[in-house]
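To start, the structure itself, in structure tokens.
We did not get these values from a lab; they are worked out from the coordinates using the rules stated. Only a predicted model underlies this, so the values are computations on that prediction, with no experimental measurement involved. Backbone-built Cβ (ideal geometry, glycine too); neighbour counts: all protein chains shown.
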Amino acid sequence: MAKDNKITFYDLAISTGATISPFVWATKYALKHKGFDLDVVPGGFTGILERTGGKTERLPAIVDDGTWVLDSWGIVEYLDATYPDRPLLIPHESVAATLKALDHWFWGAAVGPWMRCFCADYRDLSLPQDHEYITHSREKMLGRKLEEIQAGREDRLAGISAALEPLRSTLAQHPWLGGSAPNYADYRILGGFLFTASVCKTPVLAPDDPLRDWLDRCLDLHGGLGRHPGLFPLFGLEQREGDVPLFNRQGGLGGIYKRNTGPASTQAETQKITQGMKQPA
Ligand SMILES: N[C@@H](CCC(=O)N[C@@H](CS)C(=O)NCC(=O)O)C(=O)O
């Protein structure tokens with residue numbers, strides 16, 4: 001398996017040379033996490049079927065010493081099952097279950113909305129031979145002209161940034177989504193940020209966003225895998241008058257973030273929520 005420690009990796013890139021797909025980015029990190037070198041087959045959106053000898057219309061795809069493996073999740077399952085002695089991507093089934101929930105939320109809260117903020121730029125940045133296909137297929141997917149969907153994005157960016165609080169409050173308490181070390185949970189969510197960085201002609205997060213520390217550490221992993229010169233800056237969004245705050249400076253919400261250590265820890269809250277209430281006789 002994996003002759004010379006190399007795995008063939010079908011990339012999906014745009015005219016800047018940067019990988020675009022969140023799934024392909026996550027897979028790149030997954031392969032590096034397992035310690036493999038990549039034999040990269042470059043290319044854009046059109047011609048995937050021809051490039052892969054009829055094996056797939058979608059990427060990522062890898063070939064491990066003649067074995068084709070398709071689909072980002074399929075690749076993760078394959079890598080951990082075939083190479084259990086190398087660092088695991090999904091160290092326990094519970095990580096898979098929790099990550100599916102996290103990934104689903106993240107697409108709805110951020111990746112999808114960011115896609116709609118940058119869909120015309122995405123087309124313009126794609127390889128020239130891909131423009132027609134991207135315009136047609138993405139207008140079918142999204143239901144309107146790309147320019148119309150993208151218009152007014154400056155009014156939407158603050159809300160998308162604000163919605164990322166679950167990541168901020170978690171990463172304030174753990175260095176990685178994987179806990180003390182990165183695993184596929186980090187790579188999967190990172191893939192969505194790297195997709196956005198490949199197309200975001202205007203920044204999407206505040207310069208002092210707490211996510212910056214985790215993102216910078218992710219980009220530096222595996223020899224600076226995410227430090228591609230074709231990526232646009234994610235940080236630099238300014239809060240305008242009337243915008244919601246770009247991030248919450250108060251900390252996380254929910255029971256896990258408000259540990260009950262006895263009355264002293266809940267006194268202030270109790271006081272606030274009982275203010276004006278009639279005292280029992
Ligand atoms: N479930 C698949 C989804 C793969 C997928 O949809 N890839 C897109 C890129 S984000 C693709 O290959 N698109 C080619 C096209 O649009 O023709 C996976 O996780 O690998």
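So, in the stretch 38-74, of the ones that are within 12 Å of the ligand (Cβ to nearest atom) and hydroxyl-bearing (Ser, Thr, Tyr), which residue ends up nearest to ALA18 (Cα to Cα)?
THR46
Please name all residue pairs, on different chains or six or more residues apart, with Cβ atoms under 6 Å, provided the first residue is in the stretch 46-58 and is touching a residue at least 12 places away in the same chain (Cβ under 8 Å) and the second residue is aromatic (Phe, Trp, Tyr) and more than 12 Å from the ligand (Cβ to nearest atom).
LYS55/TRP68
Just to be sure before I move on: is ASP71 over 17 Å from the mean Cα position of the chain (by Cα) and of a type in the set (Asp, Glu) in the structure I sent?
When the stated conditions are applied, ASP71 does not pass them.
Report the residue count in the stretch 235-268 for those that are more than 30 Å from GLY17 (Cα to Cα), of a type in the set (Gly, Ala, Ser) and part of a loop (DSSP other than H, G, I, E, B).
Counting residues in the stretch 235-268 that are more than 30 Å from GLY17 (Cα to Cα), of a type in the set (Gly, Ala, Ser) and part of a loop (DSSP other than H, G, I, E, B) gives 5.
Yes/no per residue for (1) under 24 Å from the mean Cα position of the chain (by Cα); (2) within 12 Å of the ligand (Cβ to nearest atom); (3) buried (at least 16 other Cβ atoms within 10 Å of the Cβ):
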| site | (1), (2), (3) |
| --- | --- |
| LYS3 | no, no, no |
| TYR10 | yes, yes, yes |
| ALA18 | yes, no, yes |
| SER21 | yes, yes, yes |
| PHE36 | yes, no, yes |
| GLU77 | yes, yes, no |
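For the stretch 99-114, state whether one or more residues are small (Gly, Ala, Ser), surrounded by 14 or more Cβ atoms within 10 Å (Cβ to Cβ) and more than 14 Å from the ligand (Cβ to nearest atom).
Yes, because at least one residue in the stretch 99-114 is small (Gly, Ala, Ser), surrounded by 14 or more Cβ atoms within 10 Å (Cβ to Cβ) and more than 14 Å from the ligand (Cβ to nearest atom).
When you look at GLY192, is it over 15 Å from the mean Cα position of the chain (by Cα) and in a helix (DSSP H, G or I), yes or no?
Considered against the rule, which asks whether it is over 15 Å from the mean Cα position of the chain (by Cα) and in a helix (DSSP H, G or I), GLY192 comes out as no.
Does the stretch 119-126 include one or more residues that are outside any helix (DSSP H, G or I) and either of a type outside the set (Lys, Arg) or more than 13 Å from the ligand (Cβ to nearest atom) (or both)?
Within the stretch 119-126 (the criterion being outside any helix (DSSP H, G or I) and either of a type outside the set (Lys, Arg) or more than 13 Å from the ligand (Cβ to nearest atom) (or both)), the answer is yes, since at least one residue qualifies.
Take the conditions part of a loop (DSSP other than H, G, I, E, B) and under 23 Å from TYR122 (Cβ atoms) and apply them to PHE232. Does it pass?
So PHE232 fits the description; yes.
Please work out which residue is nearest to ILE14 (Cα to Cα), limiting yourself to the stretch 127-167 and to residues that are in contact (Cβ under 8 Å) with a residue 12 or more places away in the chain, among the charged types (D, E, K, R) and within 16 Å of the ligand (Cβ to nearest atom).
ASP130
Just the residues that are over 19 Å from the mean Cα position of the chain (by Cα) and crowded, with 20+ Cβ neighbours inside 10 Å, please, taken from the stretch 115-126.
Once the filter is applied, which keeps residues that are over 19 Å from the mean Cα position of the chain (by Cα) and crowded, with 20+ Cβ neighbours inside 10 Å, the stretch 115-126 yields ALA120, ARG123, LEU125, SER126.
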